[in-house]
Amino acid sequence: MSSSIFNNNSISISVSDDDPDELGRMRVRVRRKRKKHGDQRGRTECTQLLIRWFVKYWILLVFLPAAALLIFEATRVGRKPGLAVNSGVNEVKKSGSLGNKEPISKVKELSNLNRLDPTTHVVGGVRERCLKLLSAEELAHLELPLNEESSSNLVKRLVYISDQETPYGAGESTVSWQRINDTRFNLFTGNQTMDEREKSFKVNETAVIHCGFYSENGGFKISDEDKSYMQSCKVAVSTCAFGGGDDLYQPIGMSEASLKKVCYVAFWDEITLAAQELQGNKIGDDGFIGKWRIVIVKNLPFVDQRLNGKIPKMLPHRLFPHAKYSIWVDSKSQFRRDPLGVIEALLLRTNSVLAISEHGARSSVYDEAKAVVRKHKATPEEVEVQITQYRKDGLPADKRFNGKKALNEASVIVREHTTLTNMLMCLWFNEVVRFTSRDQLSFPYVLWRLKVVKNINAFPVCTRKDLVNSMGHIRKAKPLTN
């Protein structure tokens with residue numbers, strides 16, 4: 001034992017020479033032993049607890065994920081759209097299916113089905129609805145003007161060219177004639193010459209034009225019963241699916257007044273009819289599936305099903321001879337607004353005779369032609385023929401026309417049936433027959449040539465999105481083979 005004194009005021013501290021090392025070793029040993037045993041004990045207890053829990057509940061670990069997957073699949077099946085609806089407004093009965101080979105890419109688009117939520121946009125810092133419709137009470141008292149045209153149109157009368165004697169192709173089907181002569185003109189369209197085409201754009205009190213239904217042998221045959229029904233329509237909403245390409249989406253969002261005043265007509269061919277019957281979607285004894293009157297068309301005049309679809313799209317005035325208004329909806333879309341309200345908002349309120357959407361991506365016919373070729377929507381050769389003719393005729397490359405985009409998207413068309421709009425649609429149909437089936441290329445040209453049609457409502461894209469739920473095309477249409 002030794003001691004050390006630094007000064008008189010210092011504190012004397014006694015330190016053992018042997019104690020420090022021994023005490024330090026004891027402290028280290030105790031500390032390490034406590035840490036080691038505590039860690040081991042914790043891990044052991046945790047492992048044993050997990051083993052006991054797994055042995056006891058292993059059945060639940062297997063069952064719960066399987067049950068969750070089963071419930072998820074069941075809810076997906078329950079959400080699949082059907083074609084039949086009950087008589088109540090906006091209530092859709094889920095029946096049938098879309099087939100087992102539905103492309104995965106369409107699942108997200110089909111989630112749009114039966115949506116009624118409004119599409120909105122920001123105007124002056126305030127979010128507003130893209131399409132402002134009348135209230136249900138106002139729609140109940142709305143009376144559309146169904147009388148004859150009161151405006152002083154430059155065109156008073158239309159004469160549709162026809163030939164009952166069929167000087168060419170007599171006795172043959174229109175498709176056979178078309179193939180033999182290697183042209184898109186046939187017994188349904190008549191053989192419009194370039195000179196007749198040029199004259200058709202002249203505005204006179206009496207206009208003599210081609211407008212389909214040229215010959216009795218031209219095809220597009222409809223039963224007398226269906227013709228009688230269509231002749232009774234004053235306001236028509238129509239769509240078509242030829243070649244089995246698309247399913248039928250029930251219209252939603254309509255008022256009780258529209259159900260009483262509006263005809264909903266879907267044109268099918270026998271290919272679509274067979275495809276839908278295989279899925280269990282059968283036409284009722286009254287000729288309806290849900291709200292749609294199904295009209296079966298026989299002897300379609302074109303091999304190209306897209307071109308066959310232009311007949312009900314562009315020539316509703318010929319199919320519904322007594323209708324004053326019509327709304328066209330592409331088969332890839334579900335119409336989701338009240339048709340009377342749509343006519344009031346897009347035509348009457350804006351003093352327009354035709355309403356069609358602006359194009360969402362492009363503004364020029366010439367830019368659209370490049371996109372059509374790039375996306376393989378038509379061959380480069382046929383697009384070049386059309387664009388060359390339009391350049392020769394002087395169609396400008398302007399991206400604006402009458403203050404709006406010079407290019408339109410025609411999946412929804414709302415129009416009043418006047419002599420001038422009927423003429424416009426006939427000329428448009430003749431262009432898609434002569435050139436390509438891409439009607440977006442020809443509509444601006446016809447509108448530019450027929451300069452007297454001023455009151456066109458080119459509504460914005462957000463309005464079109466509010467009018468329909470877009471599902472996209474389900475499958476590729478089958479072309480005619482005989």
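In this structure, is GLU344 closer than 26 Å to HIS317 by Cβ and touching a strand residue (DSSP E or B) at 6+ places or on another chain (Cβ under 6 Å)?
Taking the combined requirement at face value, the residue does not satisfy it.
Is it the case, given these coordinates, that SER442 is part of a helix (DSSP H, G or I) and open to solvent by less than 30 Å² (accessible area, probe 1.4 Å)?
Working: part of a helix (DSSP H, G or I): yes; open to solvent by less than 30 Å² (accessible area, probe 1.4 Å): yes.
For SER442, the condition - part of a helix (DSSP H, G or I) and open to solvent by less than 30 Å² (accessible area, probe 1.4 Å) - is met.
How many residues does region 215-234 contain that are in contact with an Asp or Glu (Cβ under 8 Å, 6 or more places away or on another chain) and open to solvent by 20 Å² or more (accessible area, probe 1.4 Å)?
Residues in region 215-234 being in contact with an Asp or Glu (Cβ under 8 Å, 6 or more places away or on another chain) and open to solvent by 20 Å² or more (accessible area, probe 1.4 Å): 1 in total.
Based on what the data block shows, is GLY403 of a type outside the set (Asp, Glu) and over 21 Å from the mean Cα position of the chain (by Cα)?
Yes: the conditions hold for GLY403.
Could you pull out the residue among ALA410, ALA371, ALA397 that is open to solvent by less than 10 Å² (accessible area, probe 1.4 Å), in contact (Cβ under 8 Å) with a residue 12 or more places away in the chain and under 29 Å from HIS121 (Cβ atoms)?
On inspection, the qualifying residue turns out to be ALA410.
Conditions: (1) touching a Ser or Thr at 6+ places or on another chain (Cβ under 7 Å); (2) among the aliphatic types (A, V, I, L, M); (3) part of a helix (DSSP H, G or I). VAL373 meets all but one. Number of the miss?
(1)
The values are calculated or read from the model by the stated rules, or taken from the named source; none is laboratory data. As the structure is a computational prediction, the values presented were derived from the model and not from experiment. Quick reminder, even Gly has a Cβ in these numbers, built from the backbone with ideal geometry, and neighbours come from all protein chains shown. These area figures cover heavy atoms from the full protein model, side chains too; ligands, DNA and RNA do not enter into them. Shrake-Rupley method; radii C 1.70, N 1.55, O 1.52, S 1.80 Å.
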